[in-house]
Structure formats: C-alpha cells, structure tokens
Amino acid sequence: MKFNIKSVTTVAAVFMVAMMLFAAPAAAAEHPAATTPDSDWSDDGATIEAEFNASADAYSIIEFETDTTLATEEVELNVTKNNATHAELDDLHSAFETIEEDDADGNDVHQFNVSHDMLETIPGDAGEEVTISVAIAHTYEDPDDETESVTDENEFEVTLEFADDHATVYLGDDSLDDLVDVETIEQQSAFDRAQFWNDPEEIDIASLDTDVGIVGSETTINVFADDGAVAGAFSETIDDQEAGDILLTQTSLVDDEIVFVFYGEPDEDLVDVDEDTFVVYDSTADSFAVYLGSEDFDAEDTEVSVYSGSHNALYDGDLTEAADITDAFEGLTFSDLRTEFGILDTIITLRVFPLTTLTAGTLALGIVVTRRRGMGA
C-alpha cells in the first residue's frame, strides 16, 4: 500500500512510502525480493498477521519513493516505543537499498529491509498487541537555497502481535523509573563482621521489579538493560566466566524458590531445559532470559512477577534466607560456595563445611527473582 506524504515545507516534494511484512529465511538474500506479503503495514495502523517474536527469519520491507530531481542528503528510519528508539537505520546501513532510479513517475524507489531481530528490545507481554511508532525521514538540499537542507518526515503506528513464546522487558524507556531502582548499599562478609575495625564495602546495585504476561511455560522472558547505570551494575559482576558457568549470586527465584542462573548458556548436566526453570545472563547484550519450565508453569499461568538485582542474595534478608540458598543449590561443593560467599559465611551462615557437598561451576554476582501468578492473582 502506498500513500503520499505531504511536505512540511513549501517545496513540492514527492515522498511515498509502503511497508510490508514478509516471513522468509533471512539467509535467502541480504535484501530478499518482495513477493507475497503476509500483510501490509499502512500509515493508519495495521496489525501484523504473523506472530511477532523478534525472529531473524522474519523481516519487513519498507519501500518509499523520493523525487528524482531532489538532491538527497540522507534517509533515516526510526522505530520507537515509549519514547525509546529500538531500531535506527540510515541510507548507509546494509539494510538500505535503492531499487530503481527515475521511474515512470519521476521518482527514485528505495527500501529498508528490517530483520525482526533488529526489533528484539521492543517491550511487551506474550500474546499482547503492542503498538510501535515508525518514522521515515528524507533530508535533501533545498532547491531554493543549496546551503540549506529540508527534511520531510512521516510517522505512523504499527501494531505487533506478540507470539505466545515471546515477552520482553526493556530497561531504558520512560517506564525505567517505575521498574528499576539504582542505589548504593553496604556489603560485608561474616569474616569482615567478625573484625569490628573493618567497614562495610559500599557497592552500587540495580534492581528490577515488574510483572510480565506469559502463556505458561511456552513463554521465554527477555530483559534488556539499555540504561547505562543498570547495564553497568550487572556487567561489573562478570569476571572470566565461561559459557555454562553458574552465576551463583545472579540467583533466580521462581514462585519463591531459587533456581540456577547460567552465564551464556545452560549447563544441561544441571537442568532439564524443557522441564526446569532457569535464567541465562548474556553480558554481550546486557540482557538475561528467563526460561519457564513445564514442571513449574502450565497454560493456566498468565503472569509472573520478575525481580532482578545486581547484588548478592545473602546480603538481602528481606529477599531470601540462607536456607533458601542451600536448598536451591544442593549439589554445589563447599569450594564452590566459598568462592562467592567466603569461608565464614559458607560455614556459619550457609552451614556447609569442607569436604561436604551441598554440581560444580564458576561463580559471579547479581540476583534475579520471579514469583508466579495465575489468572486473578
């Protein structure tokens, strides 16, 4: 569907845009040909028929025309939600292409090929309709004054239907203050507490608390930290971890029970990826994913409360007790626990002793908590 965009200046500029969603393998071509669209995206708000789950195997073709006689300086595409930018491309990006010059109507035809994984940070609940804003801006030399530039812009809304397996929390938009606290706390081990002359260590932490709509264990919840203070608080907890290592202090509670948090990928010797609930932290993307196990969630579960903090669960008595930690990590060795909590806290607080076993892993710092809620909770 094509539509004319009125120029915001007195210049008679032709600027037409059409946007379509295609479901096709991303590897087929860098700029796949537009053949049979699943649905059209129009400037008056159209719903995508295909379920949106930020897949790299789905893409949108955004086609638009500019007057050939105008000296184009730049073309930009922006996708926003809650005043946060989730995709920002220009005519230098590999997703941009001029597919025809000076057509029968005297226009140049261009397109942006946007893979849906570029839109992975857009927030929304599983099964929810999410409205986003799409803007195309065309900047060109003013025909009446070559020292000046003119920008024509069209902005419209598009509705994404989130798939049942896809939910996203984004930390970086206008809702950040409602979701996250950043503060300085005092942290002190049992060893330091035993020496009254040692002052507690002050550390900056970030904690998230929000509800997320789910469709039972089918849903994976992805949390992206785009705010510098929040992302930094989590990334500073990582030190020489390898894929599959346990992040003991990025502890997860699901339905008030602590579960494993892994660095990069789960250790399948410790969890059943289909039945168990666990969290995977990705420091390269400042994000973590909460995988809901079939043993803990079913189709009747429609909402989960998610809490995450970049600090040690042992130092937050309001959140967990020592017994919660030892019960959750049954199988970890004294050496594993000592690495994070120290000798005295491991023995005195957690009550785990040398040569005893509470599954080995390398450890780090942080906390994620989720509490399950059903319909009507």
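Amide H to amide H, which residues 5 or more places from D142 or on other chains are under 5 Å from it, using H placed in the peptide plane?
So D142 has HN proximity to E148, S149, V150.
Along Cα→Cβ, 7 Å out, is where each label goes; now give me the distance between the ones at A104 and V273 in nm to one decimal.
Distance between the two pseudo-spin positions: 5.2 nm.
Assuming 0.36 nm per residue, please report the length gained on full extension of the stretch N82 to T69 beyond their Cα-Cα distance.
Working: separation 13, 0.36 × 13 = 4.68 nm, distance 3.65 nm.
Taking N82 through T69 to full extension adds about 1.0 nm, to one decimal.
Starting at the first residue of the range 235-242, write each ³J(HN,Hα) from the Karplus equation 6.51 cos²θ - 1.76 cosθ + 1.60 with θ = phi - 60°, in whole Hz, x for Gly and Pro.
5, 5, 7, 9, 8, 6, 6, 10
Give the calculated FRET efficiency between E295 and D164 to the nearest 0.05, with a Förster radius of 22 Å applied to their Cβ-Cβ distance.
Working: r = 19 Å, r/R0 = 0.85.
That pair, E295 with D164, gives E of 0.75.
Give the long-range amide H neighbours of D211: residues separated by 5 or more places, or on another chain, with amide H under 5 Å away, using H modelled in the peptide plane at 1.01 Å from N.
V306
In whole Hz, what ³J(HN,Hα) sequence does the range 83-88 give by Karplus (6.51, -1.76, 1.60; θ = phi - 60°), x for Gly and Pro?
In residue order, the calculated couplings are 6, 9, 8, 10, 8, 9 Hz.
FYI, it's all coordinate maths here, none of it is from the lab. Values in this document were obtained by computation on a predicted structure and should not be read as measured data. Backbone-built Cβ (ideal geometry, glycine too); neighbour counts: all protein chains shown.
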